[in-house]
Amino acid sequence: MLSWLAEQKINKAIQQGEFDDLPGKGKPLELEDLSHVPEELRAAYKLMKNAGVIPEELQLRQEMLTLTDLIAACQHAGERQALHRKLDEKTLRLQMITAQRGLYDNASYQRYEHQIRRKFT
């Protein structure tokens with residue numbers, strides 16, 4: 001009964017042209033393959049991705065990669081030392097977050113960490 005009612009409302013909206021000016025009309029849908037993300041993490045993943053937000057631990061990883069690149073390119077010893085300090089701080093913060101959130105013990109996180117990280121970067 002409920003599906004019939006929904007179908008009727010959709011048909012009425014189509015007849016009234018309510019779907020005529022939707023973005024992407026006439027273009028194929030871009031379906032996102034979430035098979036690599038564990039089922040229990042998919043809703044959170046989708047919400048965060050749609051909002052343009054990444055988890056703090058992934059942000060820290062990105063910053064750590066940038067700092068590593070800067071250290072490798074740095075010619076000045078004092079500046080390199082300051083960059084190493086920043087890298088150490090980010091590394092410590094990442095370890096604290098991972099421990100606080102219990103990610104070291106989370107089987108899904110361990111199994112899918114690299115795939116989740118790759119999707120957010």
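The values are calculated or read from the model by the stated rules, or taken from the named source; none is laboratory data. Since the structure is predicted, the reported quantities are computational estimates derived from the model, not experimental observations. With ideal geometry, Cβ positions are generated from the backbone for all residues, glycine too; neighbour counts draw on all protein chains shown. For the accessible areas, the whole protein counts, side chains as well, though only heavy atoms, and no ligand, DNA or RNA atoms are used. Shrake-Rupley method; radii C 1.70, N 1.55, O 1.52, S 1.80 Å.
Output yes when any residue across segment 100-120 is among the small types (Gly, Ala, Ser), open to solvent by less than 100 Å² (accessible area, probe 1.4 Å) and at pLDDT 80 or above, and no when none is. Looking for residues that are among the small types (Gly, Ala, Ser), open to solvent by less than 100 Å² (accessible area, probe 1.4 Å) and at pLDDT 80 or above, one finds none in segment 100-120, hence no. Scanning segment 78-96 for residues being within 30 Å of PRO38 (Cβ to Cβ) and either among the charged types (D, E, K, R) or modelled with pLDDT under 85 (or both) gives a total of 2. If the condition is being of a type in the set (A, V, I, L, M, F, W, C) and open to solvent by 80 Å² or more (accessible area, probe 1.4 Å), then segment 11-23 contributes ILE14, PHE19, LEU22.
State all residues of segment 24-43 that are free of Cβ contacts under 8 Å to residues at least 24 places away in the same chain and open to solvent by less than 90 Å² (accessible area, probe 1.4 Å); if no residue qualifies, say none. The answer is GLY24, GLY26, GLU32, LEU34, SER35, ARG42, ALA43. Name the residues in segment 50-59 that are loosely packed, with under 15 Cβ neighbours inside 10 Å and in contact (Cβ under 8 Å) with a residue 40 or more places away in the chain, would you? Correct list: GLU56 only.
Go through segment 60-84 and report how many residues are loosely packed, with under 11 Cβ neighbours inside 10 Å and of a type in the set (Lys, Arg). Residues that pass the stated criteria total 0.
Of the residues making up segment 85-99, those that are open to solvent by 40 Å² or more (accessible area, probe 1.4 Å) and under 20 Å from ILE54 (Cβ atoms) are LYS86, GLU89, LYS90, THR91, LEU92, ARG93, GLN95, MET96, ALA99.
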